[in-house]
1. Tell me the relative contact order for region B:631-692 as a rounded percent, counting alpha carbon contacts under 8 Å between residues six or more apart.
2. Could you give the C-alpha radius of gyration of region B:414-503 expressed as a fraction of 2.2 N^0.38 Å, taking N as the number of residues it contains?
3. Along Cα→Cβ at 7 Å, what distances in nm separate the residue B:383 label point from those on the other copies, shortest first?
4. What is the fewest-to-most order of A:162, B:465 by other Cβ atoms lying within 10 Å of their Cβ?
5. As a check on your reading of the symmetry: which chain A residue has its Cβ nearest the axis that brings A onto B, and how far is it in Å?
6. Can you give the relative contact order of region B:448-543 as a percent, counting alpha carbon pairs under 8 Å and 6+ residues apart?
7. Regarding region A:138-208, what's the average projected area of the Cα-atom convex hull, expressed in nm²?
8. Every other copy gets compared here: list the nm distances from the residue A:326 label point (7 Å along Cα to Cβ) to its counterparts, shortest first, one decimal.
């Protein structure tokens, strides 16, 4: 980032390994490089390479159209990031700014475990990217893009030597297009985001109780009667696969069976174990309908269906779901019960294992490798299957011990609203997996973040995925031990901005949604609404369902404040840091106290400022419990700050009352299905106000 | 907007004509309807029609696929505006929420002057839209969308009876794709915006010195060598025409000749009057290259070219440009001089008239009606031509007197950065046109806003067009005498938000551009940057070119603060209102004074707060003169406010110095090509501080 004239390059003695987190090398280059995920090895040098209208890239070695397209995207992205005009027609004769050398082709259909390594050398004169194949080149181009930064005189790339390769070969993102249909353009911009953070598998959850989203030409009633008209045509699916391949991303389809399959039965009730009639499910949850594992017609159908989809989806892997069958339709069906008795199948788990085995045979017959959720791992299942663990790292390690390959998704459910730090702490090789034998560790292929879409639609999905997904991407790419959370957050913030240049709307969607709340408004009203939204988070895990008044469904508008807040409030995060710093200074940091006061004052006034809007807007009214909770909780924190600064500690009884009030206010926020992430910081202030040993309170 | 239970509809006695501006009818419905442009006639009633998931629309009378597509768009737009889920598959059997009755078809190719009228009746039970043809239905659907508002209990449409028709038949927007290429998706979202405000002509400026943007299959070197690869294929052009027709918008192409044509000569130098060689022009301005009007080869070429384009563009009208020929190449070409002598052509104006006449013959031969800029109006030109006036309303009136049809663009150049109010004040039938005879007035067809793209690209074009274009659209649609500026601004603000739902980026682009400035930043730094951007405007008219240091070109990045500010600062507008109210209260309004102080404090601190960023970012550094000017000017205003509030008037000499300083600071801002729109308000405060008769200053 630091531009140091045109000084000659000099390799600095210090080598900065990714595992060290922030890479501070020397005084002239003391800003950590904003690369995410962190590369395996980074050596910084002096000087920087200017990026301006003379920018030119050139390819050497193995060539293919995909690389050319990547070059066009690179140039376009440079223009977006910097505003610099780069004319494709303007081909100067001098040496290229960036030369990309690729040794040989990659496989025609991208495969698990292909080489993705690259080296990148940047000097103040030029940049060279070298990779064994186009996949590595794609990864290196993203690193190059991330290195472009604004400088005192220009945009430039710092001189650097990078050697990089992924830790895990399977770094995926699952998108649930079943519960809410996610339009094609939204899928594509998320693929752009995945490319930016070097993810390489798009796991596409295409069928659910609430929708069957892929066109089937063999069984057209699947999408015709199972999707409300909201499905992807085969042409669109091919387009997505091509689009993903261009970005070094495999596309693994999932058709969930035998449960999670009501939408199939809308068009083909004969597949089901119950009597029907069946219609697309509108509610959320685990439902009774399940395929009939005892009827040969089911396997005949699935054979043809899987055959059709195996041709459509080129990837080697084919996901058959297999999760959450409650077995009620099986219990209630005498024919199925008779079958179980005749075949000595003792319980529903065994019946599902039988079904799963049959379906895996079909998948294998169509030359694909099956993937399934935890439940498919039963005794005797063939070793080819890949287990995707939603239950936990324990079951993943157990599977590896038994010789099964696996990927981790437990801990990577983005829809649960966890902090990036919490996702970041999850490691596919953590917990019991850490003590596996090396050859067992090899079986753990990586992980996948998942976004389940009960409360996620086209409008807010980006915000539910990004930027936190970048932390998971780093966990899966960067060397083991990469663990500096502060560095991760700093780089994630910068990456978040870059992701917006790709068209992702994870930040911009909020302003649009809040405008819907307000209709027309004064600037002060809108400012209050925005301050409210940015201070709150939606409830975590599955508590939203628990606290919902009427059961939500796929027809429930996702237009409320709970749908518009960020999953992780950066405002709250900064406030907590301020409070920690202030308390860490034994309450002596007056400037810090002043900053805390400014925030608290903003929050205390929100409830009143929103009154007029709440009169006009049912959406603002609906959020009144949360806005009241925030304002009143901030008032309690303000009283505590006053007590600290006045040197008038509060009594233990007062403290107890205040802490109780804060907890009650948190409960009140839950009425709007929101949570107050500032609460721990508020509690700390109350704690400090009552405890003169925490703060050296001036008498 | 007011929801009044499910009370029966009752037509209110008061009739609210658009000309009255804000429509205040009774206490229950006292919010002016947020319709823009205002309809010809609005009668409000009690109650409102709820918009929820049960929404259904139905068509009656004449049917066509375009109407069905408009219905799909309407439903999608309702979903965007409200978040309500409307499933197309969910066809309830009850009566439709909105019934659209169309009597008969419109012309296959939309024509000038076709009926666009409609009536819309909304009751608390249902809505009925009636139109003679699909064009009127399209207009009415936009009105319906604008009526949907958030209410205390739901989203709803107020009960209302509307009769509406346009004042002028030609309500256009010109986009200059020549100087900067404007990508297809940007064109399309602007067509969406035009539809929203009932504009009906997209004038597409497709060739310029800096670029030839339409694919020609007859003369492929036009786009191949004249566009840097940035052109629209014929398939894309057909797509745009179809897209526009779906929205009731005609597409009039412009190929500017004989001047403004350097890009043609890059591929076909034989058309030019000079010796060449020719290359795409990179600078801005009026240049020498012009077609050779004396060579029959020119007309042979243009005959074939116009023939090709006349087939591609279905509209009846075909724009041949004709502006700003400096004649230097003609003067310097002996062959041309000899031709003029031989044909008794006395000067370059006559030579251009000769050329223009020949080209008009070709256009007519290909069954199109020519349109040209002012300059094409010379004695003897056929009466069929339509004159587009960029010079002024006088020449438009003069043309009408001579029997020529005309459209006004003078006063509607959006790139000049005028306020919406200033554009709004321009009337095609204003000035000398007001005293034309009725049949002459009929010749004035309407007007066109123009966005010339020297300093406009894909990134900021939306902000240069919207929302101000809505004011021009209202001028061209709404009844004569519609003139309440405050009402216009209030409705434009709401319309601005709605336009964002269409994907227009006129507001959201700024945040993205400012992020580019900053790289990484603290929230306080970014807030300062945003406050700076929102307080400033770019220089008006053509002064930007005059104050540019090095001559800007098409390769100059448009990434500076001047490119990121809004043309009309609403922050500044509100501040000016605050100051006027405060002074209007004889400086007694203490709450107003406090609000003024808050704004001034924010501005005075910007310069300091941006210091660290300016160290790191050349783009922030470049804006330093403007940020310094704002902070220092705000300090002067603050001193004035202090003097007023302390009752300590400043002397006449002090006043003179302060006013002089303010003017000097405005000059300083010009170094960043920016202007301080707060200056008049600052001056008023200084004036008031020195003049105790303006304010009753407490002693």
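1. The value is 55 percent.
2. 1.20
3. Copy-to-copy label distances for residue B:383: 9.4 nm.
4. A:162, B:465
5. Looking at chain A's Cβ atoms against the axis toward B, the nearest is A:508, 3.
6. Computed value for region B:448-543: 29 percent relative contact order.
7. Averaging across all directions leaves 6.8 nm² for the Cα convex hull.
8. List, nearest first: 8.0 nm.
None of the figures in this text is laboratory data; all of them are computed from the coordinates on show. Just so it is clear, the structure is predicted and the values come from calculations on it, not from any experiment. A quick note on method: Cβ atoms are made from the backbone with ideal geometry, for glycine too, and the neighbour counts reach across all protein chains shown.
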